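Comments concern the structure below.
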Amino acid sequence: AVLVESLLVLGVVLSVHAVVWDRFSWCALALALQAFYAQFKWDRLLQQGGAVFQFRGAANSGLLPASMVMPLLGVVMKERCRAAGIVYFERLGVVVASTGMLLALFLSVLAVGITKPVPTNTCILTGVAGSVIIYTMKHSLTVSEVIEVLEVLLIFVYLSMILLYLLPRCFTPGEALLVLGGVSFVLNQLIKRSLNVVEGRGDPIDFFLLVAVIGVVLLGLFFTVLFTFMDSSTWISSMFFHMMTAVLGLGVIMPWLYRLIQRNPLFWLLQFLFQTQTRLYLLVYWTFLAASACGVVFYQNAKRSSESKKHQASTITRKYFHFIVVATYVPGLIYDRQLLYVAAVLCLAVFVFLEYVRYFRIKPFGQTLRHLLSLFLDERDSGPLILTHIYLLLGMSLPVWLFPRSCAPKGSLSGAGALVPYSGVLAVGVGDTIASVFGSTMGEIKWPGTKKTFEGTMTAIFAQIIAVALILIFDSSVNLNSSYAWILASVSLVSLLEAYTTQIDNLLLPLYLQIMLMA
């Protein structure tokens, strides 16, 4: 299974660089080769319990698929923005690609360093890949961009040491690379933009995303350190939690956002949300769907009898939420993508805050949330945090957040790139959901080495093709320019990756589909 997963990732790398071949292509191929070898070192360390930190069990290290996400995303962003003549975002793509390569190389070197005896072949491959990457960076980056890449690496190292110690069994090495690497890059971007504020430059919704992500991460770090010294489940601690959340929100996050957007953040947000009648209709519709999701949670818990306390929700039951999320995102993508962008940021902040309340058992809702959400746990929620629903939100939102709006002349890229904002809907909302439902109910032929079925994968591919046809009918901004063969190949590769990966598919699949469609 690991070998097939690696071959599929290599297929994505070769497909992208068959279209976009430049000096970074050699780096990507060298990185993929050495990550393939280093992945097996990580897998052995995880099996022997010698991986320094406690990583999520029942999964391989996932180093290769995670290592290629940021480099490939940076490369395709660079090419799209160069074609549009947007130099700033072209250079940002170069920085993203270089940062991703350096972070992946660091994780590989770490695996090689703690493996005993020292693996000679892997050391040589890592050295060659590192030399190629550093040589390319030397001839591609300016001095300020090199410093920026090294800053992200430094933040990543410290953030990994802190969070992997505080949150055991929540991530595999690959998931840690994706999540913590992304947070490190966002933090560095926020610091950089805060120090170089130019009035009228930059989109407020981009600043809103940066501040919200870093705000909730800093909030979690603060309370994690604080509650190591006091009991978090008492009323006094709970009151202190709510009070300090208000103080940090109003005293740190709001002024920080005010400095970036040069206006009152609350007034800007209210004006933005209720700017048009369409936005008002969408907000009412989304409120109804949120209430429906809460209704599903309460109904499933009401069905749980006292004799079956260990009963867990079925796969089909958990996929209800995927259908609700699809129903949430599709109207937003068609009618108002900026509103969807901001609403997804707000929803992420609420989800993370509620997870803090559940994790720290903050009164009055902490224990209730623990009871309600325990029904929906699966083998991927083996650590102290429940992250599956947050990964689902991220998987649907990342294609919207990472869509290079400035490099799309009419708000939409040409060809297959027009489907980029729909990557989460196609890969997770449609593909993963249909594969799970049909695979678990009608699947008989299993893919070698996995529990996933051939019928589930084929049905998922077919469902995504139908979804693309429906998008073409209902979204007039999408113009594929006869790039149907590339879309079919992209959907098929990502669906096969879903069948073989043991990583969090809600997070990984939309990113790979976005990369393929942007290429």
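The values are calculated or read from the model by the stated rules, or taken from the named source; none is laboratory data. Remember, predicted model here, so these are calculated numbers, not experimental data. Ideal geometry is used to build each Cβ from the backbone, glycine not excepted, and the neighbour counts take in all protein chains shown. Surface areas here come from the heavy atoms of the whole protein model, side chains and all, with no ligands, DNA or RNA. Shrake-Rupley method; radii C 1.70, N 1.55, O 1.52, S 1.80 Å.
Averaging the Cα positions of each part gives two centres, and for the range 17-47 and the range 66-122 these lie 10 Å apart. A DSSP coil position with no more than 12 other Cβ atoms inside 10 Å describes the following trypsin sites (Lys or Arg not before Pro) in the range 325-432: Lys410.
Annotation note: trypsin sites (Lys or Arg not before Pro) in the range 17-60 located in DSSP loop regions with a Cβ neighbour count of at most 12 within 10 Å are absent. Length gained on full extension, Ile466 to Ile191: 94.7 nm, using 0.36 nm per residue less the C-alpha separation. Basic side chains Lys and Arg get +1 at the Cβ, acidic Asp and Glu get -1 at the Cβ, and with that the dipole of the range 129-270 about its Cα centre reaches some 120 debye.
Remark: the chain carries 44 Å² of accessible area per residue (probe radius 1.4 Å; ligands, DNA and RNA excluded). Taking 0.36 nm per residue of separation and subtracting the current Cα-Cα distance, fully stretching the chain between Met442 and Arg259 would add 60.3 nm.
Placing a pseudo-label 7 Å from each Cα along the Cα-to-Cβ vector at Ala302 and Met161 gives an inter-label distance of 5.2 nm.
Applying a length cut-off of 20 Å (Cα extent along the axis) and a mean Kyte-Doolittle floor of 1.6 to the DSSP H helices of the chain leaves 2-19, 87-114, 143-166, 204-226, 454-474.
Computing FRET efficiency as 1/(1 + (r/R0)^6) for Leu377 and His139, where r is the C-beta to C-beta distance and R0 is 35 Å, gives about 0.10. Positive-end ranking of Gly57, Thr441, Gly100 along the dipole of the chain, with charges on Cβ about the Cα centre, is headed by Gly57. The helix-only estimate of mean residue ellipticity at 222 nm for the chain, built from DSSP H runs of length n ≥ 4 each weighted as -39500 (n - 2.57), is -24000 deg cm²/dmol after division by the residue total. With loop membership from DSSP and a limit of 13 other Cβ atoms within 10 Å, the longest segment of the chain without GluC sites (Glu not before Pro) is 1-198. Model label points for Val284 and Phe106, set 7 angstrom from Cα along the Cα-to-Cβ axis, are 5.0 nm apart. Using only side-chain charges placed at the Cβ, +1 for Lys and Arg and -1 for Asp and Glu, the dipole size of the chain relative to its Cα centre rounds to 540 debye. The residue list Val352, Thr287, Met239 was ranked by how far each Cα lies along the charge dipole of the chain toward its positive end, using unit charges on Cβ atoms, and Met239 comes out on top. Computed from the C-beta positions of Ser414 and Arg44 and an R0 of 35 Å, the FRET efficiency is 0.15 to the nearest 0.05. Full extension of the chain between Leu221 and Ser131 gives 28.8 nm of extra length, using 0.36 nm per residue less the Cα-Cα distance. In the chain, Cα pairs under 8 Å separated by at least six residues give a relative contact order of 18 percent. Where (i) 30.4, 100; (ii) 22.4, 66; (iii) 23.0, 73 are the candidate values, the label of the one calculated here for Rg and Dmax of the Cα atoms in Å is (ii). Surface composition of the range 1-197: carbon plus sulfur atoms contribute 70% of the solvent-accessible area (1.4 Å probe, protein chains only, all chains present). Applying 1/(1 + (r/R0)^6) with R0 = 60 Å to the Cβ-Cβ distance of Ala485 and Val252 gives a FRET efficiency near 0.75.
Annotation for the range 191-289: chymotrypsin sites (Phe, Trp or Tyr not before Pro) lying in DSSP loop with at most 10 further Cβ atoms inside 10 Å of their Cβ are Phe229.
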